[in-house]
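Heads up, the thing below is written out as structure tokens.
The values are calculated or read from the model by the stated rules, or taken from the named source; none is laboratory data. None of the values given here were measured: they were computed from a predicted structure. So basically every Cβ, Gly included, is an ideal-geometry build from the backbone, and we count neighbours across all protein chains shown. Note: accessible area is taken over every heavy atom of the protein model, side chains too, but ligands, DNA and RNA are not part of it. Shrake-Rupley method; radii C 1.70, N 1.55, O 1.52, S 1.80 Å.
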Amino acid sequence: MRWKFVSENADFVLENPDKTSYLYFPLVNEAGMMSSITPTLNGDLKSGQNSFLLLPVSAEDLHNTKSTRNFWIYINKKDVWSISGNSPMQLANFYSDKKDDVTLEAGFLWHKIIRKNKVLGVKAEIINFVPVEHKVEIMEVTITNTSNQVMQITPTAAIPIYGRSADNLRDHRHVTSLLHRIRTNDYGVLVKPTLSFDERGHKINNVLYSVLGFEENGEKPIGFLPEVEEFIGEGGSFETPEAIFSNKKFAKSGNYFEGYEAIGAIRFKDIDLKPNESKTYIILMSISEDELENNILLEKFGSKEKVKNALEENKKYWENKISNPEFKTSDDEFNKWMKWINIQPILRRLFGNSFLPHHDYGRGGRGWRDLWQDLLALLMMEPDNVRKLLYNNYAGVRIDGSNATIIGSNPGEFIADRNNIARMWMDHGAWPFLTTKLYIDLTGDLNFLLESQTYFKDRLANRCTDFDPNWTIEKGNKLKTRDNKIHSSSILEHILIQHLTPFFNVGMHNNIKLEGADWNDGLDMARNNGESVAFTALYGWNLLELAKLLKSLKIEELEITEEILMLLDNKVDYNSPEEKNKLLNEYYNKVKSFVSGNKTKIKIDYLISDLERKGNWIVNHIRKNEWIRNNEGYEWFNGYYDDHGNIVEGDNPKGVRMTLTGQVFTIMGNIATNDQVEKILLSAKKYLKDEKVGGYRLNTNFHEVKLDLGRLFGFAFGHKENGAMFSHMAVMFSNALYKRGFVEDGFDVINTLYNHIKNFEVSRIYPGIPEYINEKGRGMYHYLTGSASWLLLTVLTEMFGVKGDLGDLLLEPKLLDKQFDCKGIASVKTLFADRTFNIIYSNKNRLNYGKYNISSVSLNGRKIESEILGNKIKIKRSLLESLDKDKIHELIIELE
Ligand code: G1P
């Protein structure tokens, strides 16, 4: 049992999907409609935290609640059948050979279930999708008589309308139903609560929830039963609704009810279906602020024909969205699987981190880290608007190097945390530079660094360890000067400050403090003495990379905010944590409430050498002090110190302790020598790799609820941040290995993970990459994960080696022999310099990586002269920019 791709577009089919728990599929659009749907039509539908049309669900509710999409058929006034499998008869037969046959088909972005009952001779095909422009989910139900006799059916749609905020699920569930004002019109049931209910203040509600239904030709339904109580009857339930089993009479349109739980129960007229005859019904589930929207929906989607066209348009829309990059290797399944990776960063942008069944936390936003991570993918897929987004995001940086953590819904909007929760993630400052560097490499837009941007300001100060007594909400969220002017400075300065303050913010072992946590949100209990060597490594690498980048910036001097100058000071002894902390405190005091507003000029060469000095200091420090060897003779880098200031990794009476994170950034950032990378690999294979979970675990089992390091040690081992195969870190591990030329090992990380996911009997998820694989091998938190961006990045820029180099195209393939097809071809269609290229590597002798070099390159059939350096070639941007924007250009790279 497993899913299979059935089309070039990576549509897939899965037999008996109802025999797997926790499956869900996302349906969504840019207009703000978000839906999740399961093989039994469970899942929910909402446009935000405060506007759920269907009952909000967590993963466990997917098998618990029956309060979801349904459509009943009463056959020959005798048998009751549910298209979601929810009738007592279907449930009772679930383990017998009388079970319904269920098949799932799905694609970008539509979901279809085919359910057949042989005994009754009936089949239902249910297609769900969310069209691009409207806050509506369309459900098309086609019933077919598969028996050899005429069948009379009484069809009834039954979609419970929750119609309020997710917060009211437990908080005043009943009282909020008293707010419900329910009406029926000719097509369905409309619920508009009077107020949006919140103990902090009640507001007039403007949101209207509608469930409308009609027949295939647009014919209206014949009746409605909008109160749940009436629909289920006394003692009934959504599995045994009295209205269906006793074939209750439904009310006419134009009725009004108030104060009850509502349901879009819509009765269609009885019909006789001849053998093989079908009938289609369409249900629209909409959330709007204007009742006229329903007229527009009926006009636009009001018949089977119109829905068919809308579905085709929708498919095209999504296929176009994910059309770049498109990979072709010898493994056709892998190529198609990558399409499902392409869509994931978009899904996370649209769903935030909160709105799929596993993601039952938060209120819809994304975090700072995710903001930058998602831009990585956007740079590869839709680079057009990225400059603006990047620019806006820098407005979230505080002058102390920390950043706003509450991100508004408009670009560049950052909000002060009203609860004043002071939490500092020490890794946050490192990600913007990585994304910005990728942007500059892809575009050559070095001037971006010199754009002027404001700083964020709120009550939090000193990297969230103190409050600014002078700040009040009225002062606004922008840093001001002493004379109350909004202060701004270059993007480059923002990046500098994000690296300079952590450089001085070290613990007793002279690594950067762990503060509230690093990338691993679960390492949140070592604020005083914890240190993250792992991210010290990343900051160190960034400092050196930034220095390199500045060498290409053709300016002699840079104007910077006067106060920052002290952090570029040479007099501090970098080997002394005390001196570093002292300097940082002096800086904090100067910028706590405002800055002077004075700017000073520094020589760019001075800046470069200062960054190099700091970066190199980190490299040497980690190499010298953090390389460990345990009793079994294995060696690797220690990644952390706990809140008692004790080293975390190495031998321990409870078992060997090792983390993957500690290795990833030391490898990626060139801190590990080649010899050390080999040793790390041996150790990681010994202590972290486990085929059972699809690859390298995040850590070994500490066998301790380690209160001096983080909450994650309270999680069961092998789950989430405690020792699961956590895709994001695993993929970054692969990226680091590729970067360092350990191509076989880099490939192996991705390949092991991919093969695990493909093994549906164990992974139990649809195509794509989940946040992590749990101890049983199940894929968890599917779809919304930063690992998708990193996977895309790694496959494109490392595996296929399509990189930018300050705007020029740099190709450096790291494909293995087995990845080329039988003709020796592997290719990728991708965007670069605003043009689409089909980059074809031709390796006729199917040589392995390391054995081939680039011998020649042709562009659109013509050989081009370019710098070839072994396995690398650089193609000038000017040449690419001279090409037609509307064509696909072919670059053939011969490998010999
Ligand atoms: C999630 C968060 C990410 C965090 C990670 C580890 O990862 O989104 O910010 O760093 O957990 O705690 P994701 O689901 O994006 O892979």
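Within region 808-823, which residues are surrounded by fewer than 20 Cβ atoms within 10 Å (Cβ to Cβ) and in a strand (DSSP E or B)?
Leu810 - this is the single residue of region 808-823 that is surrounded by fewer than 20 Cβ atoms within 10 Å (Cβ to Cβ) and in a strand (DSSP E or B).
Please work out which residue is nearest to the chain's Cα centre (by Cα), limiting yourself to region 334-344 and to residues that are touching a residue at least 12 places away in the same chain (Cβ under 8 Å) and open to solvent by 10 Å² or more (accessible area, probe 1.4 Å).
Taking region 334-344 and keeping what is touching a residue at least 12 places away in the same chain (Cβ under 8 Å), we get 334, 336-344.
Next, only the ones that are open to solvent by 10 Å² or more (accessible area, probe 1.4 Å) stay: 334, 336, 339.
Working: Phe334: 20, Lys336: 19, Lys339: 15 Å.
If we take residues in region 334-344 being touching a residue at least 12 places away in the same chain (Cβ under 8 Å) and open to solvent by 10 Å² or more (accessible area, probe 1.4 Å), then Lys339 is nearest to the chain's Cα centre (by Cα).
Please go through region 193-218 and give me each residue that is without any contact (Cβ under 8 Å) to a residue 60 or more places away in the chain, within 32 Å of the chain's Cα centre (by Cα) and under 29 Å from Lys252 (Cβ atoms), ordered by number.
Asn205 - this is the single residue of region 193-218 that is without any contact (Cβ under 8 Å) to a residue 60 or more places away in the chain, within 32 Å of the chain's Cα centre (by Cα) and under 29 Å from Lys252 (Cβ atoms).
Does region 318-338 contain at least one residue that is at pLDDT 90 or above, within 16 Å of the ligand (Cβ to nearest atom) and either touching a Gly at 6+ places or on another chain (Cβ under 7 Å) or of a type in the set (Phe, Trp, Tyr) (or both)?
Here is the first cut: in region 318-338, the residues at pLDDT 90 or above are 318-338.
Filter again for within 16 Å of the ligand (Cβ to nearest atom), leaving none.
Looking for residues that are at pLDDT 90 or above, within 16 Å of the ligand (Cβ to nearest atom) and either touching a Gly at 6+ places or on another chain (Cβ under 7 Å) or of a type in the set (Phe, Trp, Tyr) (or both), one finds none in region 318-338, hence no.
For region 471-481, does any single residue satisfy the condition of being in contact (Cβ under 8 Å) with a residue 12 or more places away in the chain and buried (at least 21 other Cβ atoms within 10 Å of the Cβ)?
yes
Here's the yes/no breakdown for (1) in contact with a strand residue (DSSP E or B) (Cβ under 7 Å, 6 or more places away or on another chain); (2) over 22 Å from Met34 (Cα atoms):
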site	(1), (2)
Lys116	yes, yes
Glu140	yes, no
Ile143	yes, yes
Pro160	yes, no
Ser165	yes, no
Asn168	no, no
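Just one of Gly352, Gly367 is crowded, with 18+ Cβ neighbours inside 10 Å, at negative phi and within 13 Å of the ligand (Cβ to nearest atom); which is it? Spell out the reasoning first.
Values: Gly352 fails: at negative phi.
Criteria check complete, one pass: Gly367.
Quick check, is Val664 open to solvent by less than 70 Å² (accessible area, probe 1.4 Å), outside any loop (DSSP other than H, G, I, E, B) and under 18 Å from Leu523 (Cα atoms)?
yes
Filtering region 300-316 down to residues that are open to solvent by 60 Å² or more (accessible area, probe 1.4 Å) and in contact (Cβ under 8 Å) with a residue 24 or more places away in the chain, which residue is nearest to the chain's Cα centre (by Cα)? I'd like the intermediate steps shown before the answer.
First, the residues of region 300-316 that are open to solvent by 60 Å² or more (accessible area, probe 1.4 Å): 300, 304-306, 308-309, 312-313, 316.
Those still in the list that are in contact (Cβ under 8 Å) with a residue 24 or more places away in the chain too: 300, 304, 313.
Numbers: Lys300: 31, Lys304: 34, Glu313: 25 Å.
My answer is Glu313.
Identify, from the list Gly365, Gly412, the residue that is in a loop (DSSP other than H, G, I, E, B), touching a strand residue (DSSP E or B) at 6+ places or on another chain (Cβ under 6 Å) and modelled with pLDDT under 95. If you could, list the steps in order and put the result at the bottom.
Working: Gly412 fails: touching a strand residue (DSSP E or B) at 6+ places or on another chain (Cβ under 6 Å).
Just a single option satisfies the conditions, and that option is Gly365.
Looking only at region 247-257, how many residues end up being open to solvent by less than 70 Å² (accessible area, probe 1.4 Å) and either assigned to a strand (DSSP E or B) or farther than 26 Å from Lys192 by Cα (or both)? Please lay out each step first, then the result.
Let us first name the residues in region 247-257 that are open to solvent by less than 70 Å² (accessible area, probe 1.4 Å), namely 247-248, 250-251, 253-255, 257.
Filter once more, keeping what is either assigned to a strand (DSSP E or B) or farther than 26 Å from Lys192 by Cα (or both): 247, 251, 257.
Final tally of qualifying residues: 3.
Checking Arg423 against (1) open to solvent by 30 Å² or more (accessible area, probe 1.4 Å); (2) closer than 22 Å to Gly48 by Cβ; (3) within 16 Å of the ligand (Cβ to nearest atom); (4) in contact (Cβ under 8 Å) with a residue 12 or more places away in the chain, only one condition comes out false. Which one?
The number of the failed condition is (2).
For region 782-809, enumerate the residues that are farther than 11 Å from Val828 by Cβ and more than 16 Å from the ligand (Cβ to nearest atom).
Those that are farther than 11 Å from Val828 by Cβ and more than 16 Å from the ligand (Cβ to nearest atom): Glu798, Lys803, Gly804, Asp805, Leu806, Gly807, Asp808, Leu809.
Pull up region 53-77, narrow it to residues that are polar (S, T, N, Q) and either within 24 Å of the chain's Cα centre (by Cα) or open to solvent by less than 50 Å² (accessible area, probe 1.4 Å) (or both), then point me to the one that is nearest to Thr156 (Cα to Cα).
Looking only at region 53-77, we keep the residues that are polar (S, T, N, Q), and these are 58, 64-65, 67-68, 70, 76.
With either within 24 Å of the chain's Cα centre (by Cα) or open to solvent by less than 50 Å² (accessible area, probe 1.4 Å) (or both) added as a condition, the list becomes 58, 65, 67-68, 70.
Numbers: Ser58: 27, Thr65: 20, Ser67: 15, Thr68: 14, Asn70: 9 Å.
Applying the filter and picking the extreme gives Asn70.
Looking at Tyr738, Tyr766, which is the one that is in a loop (DSSP other than H, G, I, E, B), crowded, with 21+ Cβ neighbours inside 10 Å, more than 16 Å from the ligand (Cβ to nearest atom) and in contact (Cβ under 8 Å) with a residue 12 or more places away in the chain?
Numbers: Tyr738 fails: in a loop (DSSP other than H, G, I, E, B).
That would be Tyr766, the only listed residue that is in a loop (DSSP other than H, G, I, E, B), crowded, with 21+ Cβ neighbours inside 10 Å, more than 16 Å from the ligand (Cβ to nearest atom) and in contact (Cβ under 8 Å) with a residue 12 or more places away in the chain.
Considering region 441-498 alone, what residues qualify as being touching a His at 6+ places or on another chain (Cβ under 8 Å) and hydroxyl-bearing (Ser, Thr, Tyr)?
Listed by number, the residues that qualify are Thr454, Tyr455, Thr481.
Got a sec? Which strands (runs of 3 or more DSSP E) wholly within region 824-896 have at least 2 residues that are in contact (Cβ under 8 Å) with a residue 60 or more places away in the chain and among the hydroxyl-bearing types (Ser, Thr, Tyr)? Quick ask: steps written out before the conclusion?
On the way: elements: 825-832, 835-842, 854-859, 867-869, 872-875, 888-895.
Correct list: 825-832.
If you check Glu812, Glu775, which single one turns out to be more than 30 Å from Ala724 (Cα to Cα) and more than 16 Å from the ligand (Cβ to nearest atom)? Write out each step before concluding.
Details: Glu775 fails: more than 30 Å from Ala724 (Cα to Cα).
Among Glu812, Glu775, only Glu812 is more than 30 Å from Ala724 (Cα to Cα) and more than 16 Å from the ligand (Cβ to nearest atom).
Could you list all residues from region 268-293 that are open to solvent by 20 Å² or more (accessible area, probe 1.4 Å) and either free of Cβ contacts under 8 Å to residues at least 24 places away in the same chain or over 14 Å from Leu190 (Cβ atoms) (or both)?
As a first pass, look at region 268-293 and keep what is open to solvent by 20 Å² or more (accessible area, probe 1.4 Å): 269-272, 274-279, 289-293.
The answer is Lys269, Asp270, Ile271, Asp272, Lys274, Pro275, Asn276, Glu277, Ser278, Lys279, Leu292.
Would you mention how many residues in region 196-221 are over 19 Å from Ala166 (Cβ atoms), in a loop (DSSP other than H, G, I, E, B) and open to solvent by 80 Å² or more (accessible area, probe 1.4 Å)?
Counting residues in region 196-221 that are over 19 Å from Ala166 (Cβ atoms), in a loop (DSSP other than H, G, I, E, B) and open to solvent by 80 Å² or more (accessible area, probe 1.4 Å) gives 2.
Which of the residues that make up region 707-721 are within 16 Å of the ligand (Cβ to nearest atom), in a loop (DSSP other than H, G, I, E, B) and among the charged types (D, E, K, R)?
Lys720, Glu721
Taking into account only those residues within region 30-52 that are charged (D, E, K, R) and open to solvent by less than 20 Å² (accessible area, probe 1.4 Å), which is nearest to Val119 (Cα to Cα)?
Step one: of region 30-52, the residues charged (D, E, K, R) are 30, 44, 46.
Going one step further and asking which of them are open to solvent by less than 20 Å² (accessible area, probe 1.4 Å), we end up with 44, 46.
On the way: Asp44: 31, Lys46: 37 Å.
Checking each candidate, the answer is Asp44.
Note down all Cβ pairs under 8 Å where the first residue falls in region 509-528 and is on the phi > 0 side of the Ramachandran plot and within 15 Å of the ligand (Cβ to nearest atom), the second is modelled with pLDDT under 95 and of a type in the set (Lys, Arg), and they're at least six residues apart or on different chains.
These pairs meet every condition: Ala517/Arg423.
For Glu545, indicate whether it is surrounded by fewer than 23 Cβ atoms within 10 Å (Cβ to Cβ), within 22 Å of His728 (Cβ to Cβ) and more than 16 Å from the ligand (Cβ to nearest atom). Break it down into steps so the answer makes sense when it comes.
Values: surrounded by fewer than 23 Cβ atoms within 10 Å (Cβ to Cβ): yes; within 22 Å of His728 (Cβ to Cβ): yes; more than 16 Å from the ligand (Cβ to nearest atom): yes.
So Glu545 fits the description; yes.
Search region 129-141 for residues that are under 17 Å from Ser210 (Cβ atoms) and pair each with any residue that is open to solvent by less than 10 Å² (accessible area, probe 1.4 Å) and charged (D, E, K, R) when their beta-carbon atoms are under 6 Å apart and the residues are at least 6 apart or on different chains.
That search, which allows pairs on different chains as well, returns Val130/Glu137.
Enumerate the pairs (first residue in region 88-112 and of a type in the set (Asp, Glu); second residue anywhere and open to solvent by less than 50 Å² (accessible area, probe 1.4 Å)) with beta-carbon separation below 7 Å, excluding pairs fewer than 6 apart on the same chain, so at least 6 apart or on different chains.
Asp100/Gly85; Asp100/Gln90; Asp100/Arg115; Asp100/Asn117; Glu105/Asp11; Glu105/Val13; Glu105/Lys112
Would you check if Tyr640 is surrounded by 15 or more Cβ atoms within 10 Å (Cβ to Cβ), modelled with pLDDT of 95 or more and under 24 Å from Gly741 (Cβ atoms)? Explain how you work it out, then say what you get.
On the way: surrounded by 15 or more Cβ atoms within 10 Å (Cβ to Cβ): yes; modelled with pLDDT of 95 or more: yes; under 24 Å from Gly741 (Cβ atoms): no.
So Tyr640 does not fit the description; no.
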